[in-house]
Amino acid sequence: MSQQQQNTDQQLAQLRDRIDQIDADIARLISQRAECALQVAEVKKANGEDALYYRPEREAQVLRRAMERNGGPLTDEEMARLFREIMSACLALEEPIKVAYLGPEGTFTQQAALKHFGNSAKSRPLAAIDEVFREVEAGAVNYGVVPVENSTEGVINHTLDNFLTSNLQICGEVELRIHHHLMISDITRPEAITRIYSHAQSLAQCRKWLDSHYPNVERVAVASNAEAAKRVKGEWNAAAIAGDMAADLYGLKVLAEKIEDRPDNSTRFLIIGSQAVPPSGDDKTSLMVSMRNEPGALHDLLEPFRRHSIDLTRVETRPSQSGNWTYVFFIDFAGHRDTPSIAEALREVADCASDIKVLGSYPRGVL
Ligand SMILES: C=C(O[C@@H]1C=C(C(=O)O)C=C[C@H]1O)C(=O)O
């Protein structure tokens with residue numbers, strides 16, 4: 001063995017020893033952290049707070065702090081993701097959290113649920129957005145995850161419409177970069193593709209790419225991307241557009257990567273539950289308001305926000321479902337409902353609205 005080789009081996013052996021020591025320290029500290037979480041559970045139980053093991057505002061603060069104190073070389077996001085998993089495991093010791101999401105398995109909504117709650121949550125796919133609302137309302141699960149808007153395709157009306165009749169609260173939000181891939185099964189002949197399956201939203205998000213690469217191929221809208229991936233399993237002339245999770249789950253081969261028309265394509269998801277979330281220090285509030293149908297109504301509605309310098313992040317209009325040509329506004333803004341100036345603005349809006357419902361104040365998405 002050359003001298004140089006011996007030096008290299010020695011250096012590597014030393015570094016690996018050091019890593020082993022650090023791992024032992026990390027493991028010991030994680031166990032200590034888990035012990036603390038168990039004690040927190042005891043204290044909560046003693047106070048009868050047993051329904052509130054999961055604290056969205058506290059988790060957001062822990063993740064933000066992990067990012068703030070990070071000095072590299074890992075990115076802030078990587079550091080926060082690691083803490084996300086540690087917290088998820090600690091919380092599962094207190095009580096494994098049950099989460100329903102818009103399925104089936106392999107959808108972006110599942111990915112969003114895992115991103116928000118970590119891998120120790122028990123997640124369950126449901127077939128429709130309404131079912132997710134119903135399961136949370138019935139108490140069969142603690143939380144639900146549903147998509148609410150996409151940066152390319154706009155709002156998901158079905159989710160907003162559910163709030164018209166539901167009393168659930170928004171407890172959190174999570175944003176996901178959406179990358180679509182064209183995928184095929186092992187029996188698909190790439191040159192013989194005549195049909196491409198995907199969810200209508202995904203087909204729309206890849207429209208230009210499809211127009212230039214597969215102009216004459218039939219585009220078939222199915223219930224979900226995961227359903228599309230499942231279908232191509234047995235078809236030699238079909239491909240699917242879906243995400244990484246679906247490709248893994250159904251063992252498909254990716255033929256073309258990241259085919260979404262806009263590179264910043266992302267979807268925002270809501271966490272729905274029944275608890276009101278205290279302030280985390282960086283929060284958003286969602287509001288549903290219906291107005292009398294007369295001139296100046298929208299102006300009157302928005303005026304208090306301007307006067308109190310509240311930053312509106314979104315305004316959507318939906319038919320109210322309770323009479324023709326009456327509308328409901330969905331408004332998102334920065335800040336928490338417990339902040340005095342916001343509470344005052346909400347009172348002023350209530351004075352001119354025919355109906356107002358605060359859908360929730362919740363931590364701004366961290367990851
Ligand atoms: C430990 C707590 O309970 C849960 C676990 C957390 C954690 O592991 O850091 C944070 C918030 C809660 O979801 C707590 O309330 O502080």
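The values are calculated or read from the model by the stated rules, or taken from the named source; none is laboratory data. Since the structure is predicted, the reported quantities are computational estimates derived from the model, not experimental observations. Every residue, glycine as well, gets a Cβ built from its backbone with ideal geometry; the counts of neighbours run over all protein chains shown. Areas reflect the complete protein model, heavy atoms only, side chains present, ligands, DNA and RNA absent. Shrake-Rupley method; radii C 1.70, N 1.55, O 1.52, S 1.80 Å.
May I ask you to say which residue of PRO263, PRO215, PRO278 is within 24 Å of VAL99 (Cβ to Cβ) and out of contact with any strand residue (DSSP E or B) (no Cβ under 8 Å at 6 or more places or on another chain)?
One residue alone meets the criteria, PRO278.
Need pairs with beta-carbon distance below 7 Å; first residue over 18 Å from VAL174 (Cα atoms) and within segment 66-85, second open to solvent by less than 80 Å² (accessible area, probe 1.4 Å) and part of a helix (DSSP H, G or I); sequence gap 6+ or separate chains.
These pairs meet every condition: ASN70/ASP76; ASN70/MET79.
Residues to consider are ALA24, ALA41; find the one that is small (Gly, Ala, Ser), part of a helix (DSSP H, G or I) and within 16 Å of the ligand (Cβ to nearest atom).
None of the others qualify; the one that does is ALA41.
Can you tell me which residue in segment 115-126 is surrounded by the fewest Cβ atoms within 10 Å (Cβ to Cβ), limited to those that are outside any strand (DSSP E or B) and touching a strand residue (DSSP E or B) at 6+ places or on another chain (Cβ under 6 Å)?
Among those residues, the one meeting the criterion is LYS115.
Which one is modelled with the highest pLDDT among residues in segment 304-318 that are open to solvent by 70 Å² or more (accessible area, probe 1.4 Å) and within 24 Å of ILE156 (Cβ to Cβ)?
ASP311
Check whether at least one residue in segment 277-290 is more than 28 Å from TYR54 (Cβ to Cβ), open to solvent by 40 Å² or more (accessible area, probe 1.4 Å) and at pLDDT below 95, and report yes or no.
No - not one qualifying residue is present in segment 277-290.
With segment 143-231 as the region, which helices (runs of 4 or more DSSP H) entirely inside it contain at least 1 residues that are aliphatic (A, V, I, L, M) and under 24 Å from MET245 (Cα atoms)?
200-205, 207-213
Before we move on, is GLU57 crowded, with 16+ Cβ neighbours inside 10 Å, within 14 Å of the ligand (Cβ to nearest atom) and outside any loop (DSSP other than H, G, I, E, B)?
yes
Could you count how many residues in segment 248-268 are in a helix (DSSP H, G or I) and at pLDDT 95 or above?
Residues in segment 248-268 being in a helix (DSSP H, G or I) and at pLDDT 95 or above: 0 in total.
So which pairs qualify, if the first residue must be in segment 34-48 and open to solvent by 60 Å² or more (accessible area, probe 1.4 Å), the second must be aromatic (Phe, Trp, Tyr) and within 9 Å of the ligand (Cβ to nearest atom), the Cβ gap must be under 6 Å, and the two must be at least 6 apart or on different chains?
Here the result reads none, with nothing in segment 34-48 linked to a residue that is aromatic (Phe, Trp, Tyr) and within 9 Å of the ligand (Cβ to nearest atom).
Condition test on GLY106, is it at positive phi and open to solvent by less than 20 Å² (accessible area, probe 1.4 Å)?
Judged against the criteria, GLY106 is a match.
Is it true that ILE356 is open to solvent by less than 30 Å² (accessible area, probe 1.4 Å), touching a residue at least 24 places away in the same chain (Cβ under 8 Å) and either over 19 Å from GLU149 (Cα atoms) or outside the structural domain of VAL174 (by TED's automatic domain parsing) (or both)?
Criteria not met by ILE356.
Let's see how each residue does on (1) open to solvent by 10 Å² or more (accessible area, probe 1.4 Å); (2) assigned to a loop (DSSP other than H, G, I, E, B); (3) closer than 19 Å to GLY365 by Cα; (4) within 12 Å of the ligand (Cβ to nearest atom):
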site: GLY71; (1), (2), (3), (4): yes, yes, no, no
site: MET79; (1), (2), (3), (4): yes, no, yes, no
site: PHE83; (1), (2), (3), (4): yes, no, yes, yes
site: ALA89; (1), (2), (3), (4): yes, no, no, yes
site: TYR101; (1), (2), (3), (4): no, no, yes, no
site: ALA113; (1), (2), (3), (4): no, no, yes, no
site: PHE133; (1), (2), (3), (4): no, no, no, no
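Mind counting the residues in segment 310-367 that are touching a Ser or Thr at 6+ places or on another chain (Cβ under 6 Å), outside any strand (DSSP E or B) and more than 30 Å from GLY118 (Cα to Cα)?
Counting residues in segment 310-367 that are touching a Ser or Thr at 6+ places or on another chain (Cβ under 6 Å), outside any strand (DSSP E or B) and more than 30 Å from GLY118 (Cα to Cα) gives 3.
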